[in-house]
1. Place +1 on the Cβ of every Lys and Arg and -1 on the Cβ of every Asp and Glu in the chain, take the dipole about the Cα centre, and give the residue among Ala40, Pro59, Phe22 whose Cα lies farthest towards its positive end.
2. Given a Förster radius of 30 Å and the C-beta distance between Arg41 and Leu66 as r, what FRET efficiency does 1/(1 + (r/R0)^6) yield to the nearest 0.05?
3. So I have (i) 16.8; (ii) 17.1; (iii) 13.6, and one of them is Kirkwood radius over Cα pairs in Å calculated from this model. Which one is it?
4. Along Cα→Cβ, 7 Å out, is where each label goes; now give me the distance between the ones at Met1 and Phe22 in nm to one decimal.
5. How far is it, in nm, from the label point at Gln10 to the one at Val31 when both lie 7 Å from their Cα along the line to the Cβ?
6. For the chain, give the magnitude of the charge dipole about the Cα centre (Cβ charges: +1 Lys/Arg, -1 Asp/Glu; no others), in debye to the nearest 20.
7. If you fit an axis through the alpha-carbon atoms of helix 71-80 and take the longest principal axis of the Cα set of the chain, what angle between them do you get, 0 to 90°, nearest 10?
8. How large is the helix-only mean residue ellipticity at 222 nm for the chain, computed as the sum of -39500 (n - 2.57) over DSSP H runs with n ≥ 4, divided by its residue count, in deg cm²/dmol to the nearest 500?
Amino acid sequence: MIATPCRKCQRPIVWTRDRSGFRFPVDAAPVSTGRFDVFARGRDLVSREIRPDERFDGPRFASHFLTCPEGSESKRERQSRP
């Protein structure tokens, strides 16, 4: 996986595609509390949410939408624009 820095916080992220094909950033380093599995499908990296009742022993990744310290601030800024 090739990590790039987040434009807002500069932390390393990996761009994946969700099951609908939309780009979805995950933190580059796996964490035990992560809710996403990341795997290769052709030339793309794909992320899927791990079900709470699913036994999963692979690396887990966190959504960068949830972990970016600048994420919620920029969302508020976008919502306050006229």
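No value in this document is a laboratory result; all are computed from the given coordinates. Since the model is a prediction, treat every value here as computed from it, not as a measurement. As a convention, Cβ positions derive from the backbone with ideal geometry for all residues, glycine included, and neighbour counts pool all protein chains shown.
1. Farthest towards the positive end: Phe22.
2. Step by step, r from the Cβ atoms, then E = 0.80.
3. (iii)
4. With each label point 7 Å from Cα toward Cβ, the separation is 2.0 nm.
5. In this crude label model, Gln10 to Val31 measures out at 2.0 nm.
6. 340 debye
7. 40 degrees
8. My calculation for the chain gives -4500 deg cm²/dmol from helical runs alone.
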